[in-house]
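Peer 1: Before I ask anything, here is the structure I am working with.
Just so it is clear, none of the values below were taken in a lab; they were calculated from the coordinates. Since the structure is predicted, the reported quantities are computational estimates derived from the model, not experimental observations. Here the Cβ positions follow ideal geometry from the backbone for every residue, glycine too, while neighbour counts run over all protein chains shown.
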Amino acid sequence: MNHFSKTAIQSWERFYRANFINCLSGFKSATLIGTINKENKTNLAIFSNIVHIGAAPALIGFINRPTDAAPHTIKNIEATGFYSMNHIHSSFIKKAHQTSAKYAEGESEFEKAGLAIEWKENIGVPFVAESRIKYLMELTEIVPIKHNGSFLVIGAIQDVFVDETLIDKDGFLHIEKACSITSLGIDGYYETSLKARYKYAKPGIATEAIK
Ligand SMILES: Cc1cc2nc3c(=O)[nH]c(=O)nc-3n(C[C@H](O)[C@H](O)[C@H](O)COP(=O)(O)O)c2cc1C
């Protein structure tokens, strides 16, 4: 096994280091975030640093890089307080990846990447029509991360749109049946399959598979 020290890693070429470090923390929940700006122009961007923060209240966070690198989503969320989160499926990975390009403010990635906008009744932010699992978020808090200028954007889940066929009897969501993809690093995408589910683990008792 190779050993790479912090000093060695710091000496690597920028893009090599970024690839290596971005892969190290593992597979991620690549998701498309849909917003509108103050002029009602739509915006869509792919984000993969997404984290479950709590179920009651239902909170999800994502990391937004410094605003000079990724300006529009966070600015729109601050302005309107709302955003949509949309799963990416195998059928439109290339289009989802295209939304990471640095389009000018006011240029809609929906149009540029060729993804359809879906408007929901009484909701002011756009959803991705092609996505089979999507939800509306209301901004709760933006936590600046002093060490590198990025932000943890925390939102509360408001409305969820999902096919009934994907929901198990105990609430488990079979996102693999919708072909929701997972990502690695900044350019790798994977399909998934369920290996097993296990009962709540307790000390001294061997857990059993959930059938
Ligand atoms: C697979 C993938 C994952 C990404 N994840 C993030 C992320 O978690 N946070 C982030 O700030 N940018 C991430 N990006 C980069 C943004 O998609 C990119 O900066 C985009 O232009 C931001 O758009 P915006 O300015 O409209 O918000 C990712 C890009 C790719 C290809």
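Peer 1: Please identify the GluC sites (Glu not before Pro) of segment 134-211 that satisfy two criteria: DSSP loop assignment and at most 10 other Cβ atoms within 10 Å. Which are they?
Peer 2: 208
Peer 1: Taking the Cα centre of the chain as the origin and placing charges on Cβ (Lys, Arg +1; Asp, Glu -1), which of 34, 201, 51 is farthest toward the positive end of the dipole?
Peer 2: Going by the Cα projections, it comes out as 201.
Peer 1: For segment 85-182, which chymotrypsin sites (Phe, Trp or Tyr not before Pro) are both in a DSSP coil and crowded by at most 13 other Cβ atoms within 10 Å?
Peer 2: Those satisfying the criteria are 119, 172.
Peer 1: Over 19 Å between C-alpha atoms is what I'm after, so list which of 41/102; 75/120; 75/102; 41/75; 169/202 land there.
Peer 2: Listed pairs above 19 Å: 75/120; 169/202.
Peer 1: Counting Lys and Arg as +1 and Asp and Glu as -1, each charge on the Cβ, what is the dipole of segment 131-211 about the Cα centre in debye, to the nearest 20?
Peer 2: Approximately 360 debye in magnitude.
Peer 1: Lys/Arg Cβ at +1, Asp/Glu Cβ at -1, dipole of segment 25-190 taken about the Cα centre: which of 60, 70, 126 is farthest positive-ward?
Peer 2: Of 60, 70, 126, it is 70.
Peer 1: So what is the 222 nm mean residue ellipticity for the chain from helices alone, if each DSSP H run of at least 4 adds -39500 (n - 2.57) and you divide by all residues, rounding to the nearest 500 deg cm²/dmol?
Peer 2: Result for the chain, helices only: -4500 deg cm²/dmol.
Peer 1: How big is D for segment 48-150, in µm² s⁻¹ as a whole number, if Stokes-Einstein is applied with the Kirkwood radius of its Cα pairs at 20 °C and 1.002 mPa s?
Peer 2: Working: Rh = 15.0 Å.
For the chosen part, D equals 143 µm²/s.
Peer 1: If you plug each phi of segment 73-89 into the Karplus form 6.51 cos²θ - 1.76 cosθ + 1.60 with θ = phi - 60°, what whole-Hz ³J(HN,Hα) values come out, in order, with x for Gly and Pro?
Peer 2: Calculated HN-Hα couplings, in order: 4, 5, 5, 5, 5, 5, 6, 10, x, 9, 7, 9, 10, 10, 4, 9, 10 Hz.
Peer 1: Which value in Å is the Kirkwood Rh of the chain over different Cα pairs? Intermediate values should be presented prior to the final figure.
Peer 2: On the way: mean 1/r = 0.0533 Å⁻¹.
Taking every pair of different Cα atoms in the chain, averaging 1/r and inverting gives 18.8 Å.
Peer 1: By a straight-distance test (C-alpha under 24 Å), which lysines pair with residue 6 as possible cross-link partners, with residues fewer than eight away in the same chain excluded?
Peer 2: 28, 146
Peer 1: Continuing with this model, one more query. Return the loop-located chymotrypsin sites (Phe, Trp or Tyr not before Pro) in segment 1-72 (DSSP other than H, G, I, E, B) with at most 12 other Cβ atoms within 10 Å of their own Cβ; answer none if there are none.
Peer 2: The qualifying sites are 4.
Peer 1: Explain nothing, just the number: dipole magnitude of segment 25-190 about its Cα centre with +1 on each Lys and Arg Cβ and -1 on each Asp and Glu Cβ, in debye rounded to the nearest 20.
Peer 2: 380 debye
Peer 1: On to the next question. Choose one of 82, 148, 160: the residue whose Cα lies farthest towards the positive end of the charge dipole of segment 25-190 (beta-carbon charges +1 Lys, Arg; -1 Asp, Glu; about the Cα centre).
Peer 2: 148
Peer 1: Shifting gears a bit: Tell me, what is the percent relative contact order of the chain, built from C-alpha pairs under 8 Å that lie six or more residues apart?
Peer 2: 22 percent
Peer 1: Taking 2.2 N^0.38 Å as the expected size of a compact globular protein, what ratio does the Cα radius of gyration of segment 2-116 give against it, to two decimals?
Peer 2: 1.22
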